[in-house]
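Report on the following structure.
The values are calculated or read from the model by the stated rules, or taken from the named source; none is laboratory data. All values derive from a computational prediction rather than experimental measurement. Using ideal geometry, Cβ is built from the backbone for each residue, glycine included, and neighbour counts are taken over all protein chains shown. Note: areas computed on protein heavy atoms with side chains; ligands, DNA, RNA excluded. Shrake-Rupley method; radii C 1.70, N 1.55, O 1.52, S 1.80 Å.
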Amino acid sequence: MEGLESPCIPSRFGGLQSRSNMSKRDFYEVLGVSKNASEAEIKKAYRRLAMKHHPDRNAGDQTTDSEKRFKEAKEAYEVLSDAQKRAAYDQFGHAGVDNSVGGGYGHGAGGNFSDIFGDVFGDIFGARGGGGSRVHRGADLRYNLQLSLEDAVAGTTVKIRVPTLVKCNPCNGTGAKKGTKPKVCTTCAGHGQVRMQQGFFSVQQTCPTCRGKGSVIESPCPACHGAGRIQEHKTLSVKVPPGVDTGDRIRLAGEGEAGESGGPPGDLYVQIAVKPHEIFSREENHLFCEVPISFASAALGGELEVPTLNGKVVLKIPAGTQSGKMFRMRGKGVKPVRGGPVGDLLCKVMVETPVNLTEHQKDLLRQLDETMQGAGSKHSPHSTGWMDGVKKFFEGMGF
């Protein structure tokens, strides 16, 4: 007697789908990915759902839809992560894969949470991957470079000598003697880690045999003794762009330490520090300096030569200039390394009190002072105003 065939209807993928499967949600919809999603995208989506809905993580919530959603995600992942099953599903829908996937949490759908943690999330800890040596990027290095203000503003090229680990040439960084190769570690099968079951969780630990490298060297290279790297000093030429300042960094790609097991090298970061200058100080793109002038020059005015980083300029001092007066010389500062207008040079005039006077000079100053005192506030407006203020203050206090 012939069996009865289930009535079928067209699926959205062009194949046939039984009515019993119509209650199932689309696997791509379950995982929240598009039909052309990559394997990595599918795995990432499943990780998120499995961690969220696994019953072992939802104790006391077994009556909710957590278990149902976990079953859906598990079933969808089993199909879409397998190339052949995914092709059949894309062509025939659920009918094409019904006999190839499990039916639920516990037996068909896959064990306990530690299994999910180990199988799906194990590659986060490096427990997965092919056999053989694990390559690691080399460490980044830092070099502190001190520059004069002149070199920092104008730019320069500096040669530096850096101690670092470089790839061993005889073994090409593998650590194995020339003509031999590292062998896959038999303890961890090349993973670099071994799995230890500790109660509820499956814990990853570094392999004690290969120490996480995934391979062992039976015949070490005599030059590097199996390390794959040797200590050397490298001489490098560093091009310093104009306008750098303290705190700026220059990155030299690939000039750091060589990677382990032939891995790519790290980078070298040259940290800039500008040495203090005898004349100038810097604030962003401006330069500052203090210019001492004599009492006579401040009173009578005149011209004074002032240094800049590009040569001498003439600073005109007007008559009656007070100490602390700031003069701005536009465009005599620094052009910023990241672009922008050139800064200014700000010169602060400091009137210098004469010292070590002769008796004749003292007599001349006394005569000058007598003539100025007789003129009241004409020659010393600030001093006269200040004294008037002090007088009012004392009167207000009752002194």
*Once both labels are modelled 7 Å past Cα along the beta-carbon direction, what's the Asp369-Thr180 spacing in nm?*
9.4
*asked:* Once ligands and nucleic acids are excluded and a 1.4 Å probe is used, how much of Lys35 is accessible, expressed in Å² to the nearest 10?
replied: 100
*Among the listed pairs Lys43/Lys167; Lys312/Lys335; Lys177/Lys234; Lys159/Lys348; Lys239/Lys316; Lys24/Lys85, give every one whose C-alpha distance is greater than 27 Å.*
Lys43/Lys167; Lys159/Lys348; Lys239/Lys316
_Could you work out what % of the accessible surface of the range 219-312 is carbon and sulfur, using a 1.4 angstrom probe and leaving DNA, RNA and ligands out of the count?_
50
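Could you give the length gained by full extension between Ser81 and Arg47, i.e. 0.36 nm per residue of separation minus their alpha carbon distance, to one decimal place?
Computed gain between Ser81 and Arg47 is 11.0 nm.
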*Any idea of the accessible area per residue across the range 145-206, 1.4 Å probe, to the nearest Å²?*
59
*Of the listed peptides 215-221, 177-183, what is their order by residue-averaged count of other C-beta atoms within 10 Å, with the highest listed first?*
215-221, 177-183
*With a/c under 1.5 counting as rounded, go ahead and sort the range 150-219 into rounded, prolate or oblate using the C-alpha gyration tensor (a ≥ b ≥ c being the square roots of the eigenvalues; past the cut-off, prolate if a/b is larger than b/c, else oblate).*
oblate
*Translational diffusion of the range 284-327, µm² s⁻¹ [Kirkwood Rh, Cα pairs; Stokes-Einstein; 25 °C; 0.890 mPa s]*: 215
*Segment Ser219-Val342, extension gain: residue separation times 0.36 nm, minus the distance between their alpha carbons*: 38.1 nm
*Note down the accessible area of Met196, probe 1.4 Å, to the nearest 10 Å².*
80
*Under a Cβ-Cβ cut-off of 14 Å, what is the net charge of the residues other than Arg86 that fall near it, where Lys and Arg count +1 and Asp and Glu count -1?*
-4
*How big is the shadow of the Cα convex hull of the range 291-357, averaged over all directions, in nm²?*
5.4
